[in-house]
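Asks: Input: one structure, supplied below.
The values are calculated or read from the model by the stated rules, or taken from the named source; none is laboratory data. Since we're looking at a predicted model, the values are computed, not measured. Counting neighbours? That spans all protein chains shown, and the Cβs are built from the backbone with ideal geometry, glycine included. Ligands, DNA and RNA are stripped out before the accessible areas are found, and what is left, the full protein with its side chains, is counted by its heavy atoms. Shrake-Rupley method; radii C 1.70, N 1.55, O 1.52, S 1.80 Å.
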Amino acid sequence: MKVLGLETSCDETGVAVYDGRRGLLADAVYSQVEIHAAYGGVVPELASRDHVRKLVPLVEQTLATADMQLSDLDGVAYTAGPGLAGALLVGAGFARSLAWGLSIPALGVHHMEGHLLAPMLDSDPPEMPFLALLVSGGHTLLVHVSALGVYDILGESVDDAAGEAFDKVAKMLGLGYPGGPAVEALANTCDTSRFTFPRPMTDRPGLDFSFSGLKTAVMTALAGLPEGEDVAAEVARGFSDAVVDTFIIKCRRALKATGLKRLVVAGGVSANMALRGGLERLVGELDCRVYFPPLRFATDNGAMIAYAGHCRLAAGEQDGEGYRVRPRWPISELRSPQ
Ligand code: KG4
Ligand code: ZN
């Protein structure tokens, strides 16, 4: 079964074709970063309008790369949520119409399930069950994954998501948008930091996260400095160390509590090399294994939506003739395919 996957939940237009027999046939991502950079964050209406402009050419390009025609497709999967309502509607409307025109099934996919399954696109994918740490711009979740659609939320952020914290700290440091890669690059320019920021919610039991106080700690540290002192790199290092340590502590706790031997880390922040390194060390200690998506599928992309859509469409799941997007959609509401 060949599934076209469309991702338009935020500021990347992602398109891919996944084939159950041959794997990923082609994928293309267009990032809107330049459009939003001037505003220091994503402007929803500009995002929707640009998805309208880019979706059709990207679909044509992806099909050409895969050496396929529209008529070769067996299904269309699109991100139905969570995300920006207008941006989601562009992908959903296009996907539903295309599927209707081709008389093939369509399916709205959960964006975070896409991230969660992205490590399956690697050459050595994890088997279920596993513990998943999902770290994106909008969500931070620890999930016990028993099977496709059987997700038990063990912990989540009570305020900011990890990626959001990276983006906000980047802004405080005068770095551009998106902040994560910029903070990582700056942190890499120094080995140590005079700043020891809090490891939030690690001093009490539980698997929830909070990043808002950490962000405030960074702001307070910056405000207390004498003018003219350039400590941005040390702040970036101290902040990154605090985030990585926090994830190491919570993942250690969750792996021990569940007895799971496999850890999957996905979502935009999983592109962070310090986080990857820290979690590699942790699983070495615990005799477990960690799996990450291929780097280009850590941040938003169409391949993860094509793959997640394929898993469910191939199991017989499909939408009716209408469509609806869910800007807010808890992953715990997902079920295994009927
Ligand atoms: O998964 P994603 O592409 O989009 C959402 O679903 O939100 O994640 C985007 C987030 C942004 O907050 C971005 O700053 C962060 O992931 N990010 C990073 C890195 N690359 C992207 N954070 C830390 N280090 C990185 N290398
Ligand atoms: Zn995402």
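Asks: Have a look at Ala26, Ala16, Ala47 and point out the one that is over 25 Å from Leu313 (Cα atoms) and buried (at least 18 other Cβ atoms within 10 Å of the Cβ).
Replies: Going through Ala26, Ala16, Ala47 in turn, just one is over 25 Å from Leu313 (Cα atoms) and buried (at least 18 other Cβ atoms within 10 Å of the Cβ): Ala47.
Asks: Examine segment 143-151 for a residue that is within 16 Å of ligand 1 (Cβ to nearest atom), modelled with pLDDT of 95 or more, of a type in the set (A, V, I, L, M, F, W, C) and under 19 Å from the mean Cα position of the chain (by Cα), and state whether such a residue exists.
Replies: Within segment 143-151, one or more residues are within 16 Å of ligand 1 (Cβ to nearest atom), modelled with pLDDT of 95 or more, of a type in the set (A, V, I, L, M, F, W, C) and under 19 Å from the mean Cα position of the chain (by Cα).
Asks: Let me ask another. So Ser193 passes all but one of these: (1) open to solvent by 40 Å² or more (accessible area, probe 1.4 Å); (2) in contact (Cβ under 8 Å) with a residue 40 or more places away in the chain; (3) more than 8 Å from ligand 1 (Cβ to nearest atom). Which condition number does it fail?
Replies: (1)
Asks: Can I ask one more? Could you say which residue among Gly179, Gly138, Gly163 is within 13 Å of ligand 1 (Cβ to nearest atom), closer than 30 Å to Tyr39 by Cα and free of Cβ contacts under 8 Å to residues at least 40 places away in the same chain?
Replies: Gly179
Asks: For segment 118-159, give me the residue count where each residue is farther than 25 Å from Val42 by Cα and not in a strand (DSSP E or B).
Replies: Number of matching residues: 13.
Asks: Let me ask something else about it. Enumerate the pairs (first residue in segment 39-57 and assigned to a helix (DSSP H, G or I); second residue anywhere and modelled with pLDDT of 95 or more and of a type in the set (Asp, Glu)) with beta-carbon separation below 6 Å, excluding pairs fewer than 6 apart on the same chain, so at least 6 apart or on different chains.
Replies: Ala47/Asp11
Asks: Which of the residues belonging to segment 69-95 are open to solvent by less than 20 Å² (accessible area, probe 1.4 Å) and away from ligand 1 (no atom under 16 Å from the Cβ)?
Replies: Passing the criteria: Leu73, Gly75, Val76, Ala77, Ala92, Gly93, Ala95.
Asks: Could you please let me know if Leu107 is under 21 Å from Phe297 (Cα atoms), away from ligand 1 (no atom under 16 Å from the Cβ), assigned to a strand (DSSP E or B) and not polar (S, T, N, Q)?
Replies: yes
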